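The structure appears below as structure tokens.
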Amino acid sequence: MNTDERQRILVVDDDPALRELLTSYLAENGFDVRAVGDGAAMRAAMAEGVPDAIVLDLMLPGEDGLALTRAIRTQSSVPILILSARGEEVDRVIGLEVGADDYLAKPFGPRELLARLRALLRRSLPAAAADANASQEQRFGPYVLDLAGHRLFRAGSEVALTGAEFDLLAAFVARPNRVLSRDMLVDLLKGYDRDPFDRSIDIRVTRLRRKIEAEPAAPVYIRTVRGEGYLFNPHGGET
């Protein structure tokens, strides 16, 4: 995370008018904005320094937004907000599966984009900006969740999590042995779509299980309670 006063946003979209609009609007709201038109330019910009967040169009010439998201996730957990003219649920699900933190369908209002972007940035604040009164560490199984630093460790080695995955895990850890419905989780994780048919929570749970469960298909920490939601057991199924 950039420690300068103005957080840096990288906008990747092949529409020059939209790039100009977002650059102007986000700059007026206190951000340092760089806008590029394709994946090659995005890679060049990131080689000069990882931004604080990326606003990434799904439909791009050459590499599309999904391929670029996968590539980014191999080296960075920078928050990614995908933009797309394709607003169907399947597109949102795929975007979340490959590692995006949020998804906004075109056309959209600049204020909504700003609100979602700010929510993503709040969730990725560094340790220096965390609540000093909050408990610094939470333990479950072989894991240590560093709430201040937004990091997860297993046996001293860091487990790479995106901001969305960290927030979901933190929500579970704070409410052990309690069934949390999808609606409750949506309310806890601010900034996401509230479409009742949106499968974003299920996708986020699946992604998180891949990171913390020895056998994601047979989870012991985040268990599905059929027809109700999910239950987090910090003991990994042990009594």
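Every number in this text was worked out from the coordinates using simple rules, so none of it is lab data. Please read all numbers here as calculations on a predicted model, not as lab measurements. All Cβ positions, glycine included, derive from the backbone under ideal geometry; neighbour counts span all protein chains shown.
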Point to revise | Environment charge of Pro176, counting only residues whose C-beta is closer than 12 Å and scoring Lys/Arg +1, Asp/Glu -1 | key: +4
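For the residues His235, His150, what sequence is obtained by ranking on other C-beta atoms within 10 Å, fewest first?
His235, His150
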Check your understanding: For Ser77, what charge total do you get from the other residues with a beta carbon under 13 Å from its beta carbon, if Lys and Arg give +1 and Asp and Glu give -1?
Key -> 0
